[in-house]
Structure formats: structure tokens, C-alpha cells
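Right, one structure below, let's go through it.
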Amino acid sequence: MSLAYVILGLLQQQEMTGYDLKTRCFDQYIAHLWPADQAQIYRTLEKLVEQGWITCKIEIQHNRPNRKVYSVTEPGKAEFVGWLGTHQPLPIVREPLLVQLNFAKQLPNETIIHILEQQVAARSEKLTECKTINLPSLGNESANREQLMQRLVLELVIRREQAYIDWLKIAINVISHQEPYVSHYHIL
């Protein structure tokens, strides 16, 4: 999936500036699913305009810079709906921590545990942030369809973070009970 489809989805809800997309959507609403920085957003907006999937109108402002407001075109809506109905392949996952752990046999146990504890802290912070997102629960009958879809996605993110934290704690426990690494190299 590309950032383009995330932006198309957000702009289908309402027209926005690049700044609005970053601050109101990516920072507050969708960061737990697809983080993006300002430069990535603006580059993608330019490409979407070039493809004809969105338009840009300039709003003149007095005493402030002019605003570029983006909205989805009919071809953009058709592209987005087509993408929504398409099976997505499994993502390519690159986990630097797992690569570190895979090759960490020469590190002292304390160093490995410290790295894993840092990851527990980071994952716990993300889990806490996700749990503070205000969406109706799955059983809430007053939730609208959009809220239900968003809650389903959020539930998976919460469970994934909790599972990762649980695994990290298991890894810390296993390494804590391992014999310390002894280097085979001797300094003369």
C-alpha cells in the first residue's frame, strides 16, 4: 500500500490542506496505522495532482500565506474504490530489532535485555496511545459504520502491540536465564 491511498481516503472525507492532513489526520488520527512526515505528504500530494486523482485550489489569505486546498476528483474516487476492493498482499516486514536479536549472540545478556526493555517501553507507549483513541466499543450499537471499521482496525493494532510486548517479556526472561556469553578471543 502506498501513502497515496491513505491520502485519497482522508481527502474523500473532506478537502484539506497538506498541513491539515499532517496535523489533524496523520498526527492525531491515523499515526498508529500509517505514519508520514510533512515532506512525504507534500510529495505525494504533488504526484496525486499530476495523476489527476486530486485537484488543488489556492485560497487567497490576507496577512498569511495562501492555502492550497486539495480535494479528490472523480478519477481519484474511482481509483480509491477500486483499490479498496482489491486483495492486498502480505506486507514486507522489516524488523530491525529482530535482526539485532538474530545476531546478538556475541553481546552480553545485560545489553540484549536493555535493548529489549527499551522496546517494551516504546511498545507500551504506543499501546497506551492506541488505548486512548476515542472510538465506540465493538458492541456499541450506536456506533456508525465508519466508527465500527475504525474500531476493528484499532483492535488489531492494540492486540498486535500487546502480543509484541508479551513476546518481549518472554525474550527478556529467557535471556535472563541464559549462561552469559564468553568471548573466545583472548587479549594478550
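The values are calculated or read from the model by the stated rules, or taken from the named source; none is laboratory data. What you see is a predicted model; the values in this text were computed from it and never measured. For neighbour counting, all protein chains shown are included, and Cβ atoms are generated from backbone atoms with ideal geometry for every residue, glycine included.
Per-structure values
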read-out: Qualifying residue in segment 88-99 (condition: hydrophobic (A, V, I, L, M, F, W, C) and in contact with a strand residue (DSSP E or B) (Cβ under 9 Å, 6 or more places away or on another chain)); value: no
read-out: Trp83 vs. criteria of a type in the set (Phe, Trp, Tyr) and part of a helix (DSSP H, G or I); value: yes
read-out: Residue that is nearest to Ile170 (Cα to Cα) [pool: residues in segment 62-80 that are assigned to a helix (DSSP H, G or I) and among the charged types (D, E, K, R)]; value: Glu79
read-out: Checking Tyr29 against (1) at pLDDT below 90; (2) assigned to a helix (DSSP H, G or I); (3) of a type outside the set (Lys, Arg); (4) within 30 Å of Val174 (Cβ to Cβ), the condition it does not meet; value: (4)
read-out: Identity of the residue in segment 39-61, acidic (Asp, Glu) and either in contact with a Gly (Cβ under 8 Å, 6 or more places away or on another chain) or assigned to a helix (DSSP H, G or I) (or both), that ends up surrounded by the fewest Cβ atoms within 10 Å (Cβ to Cβ); value: Glu50
read-out: All positions within segment 138-188 that are of a type in the set (S, T, N, Q) and modelled with pLDDT under 90; value: Gln178, Ser183
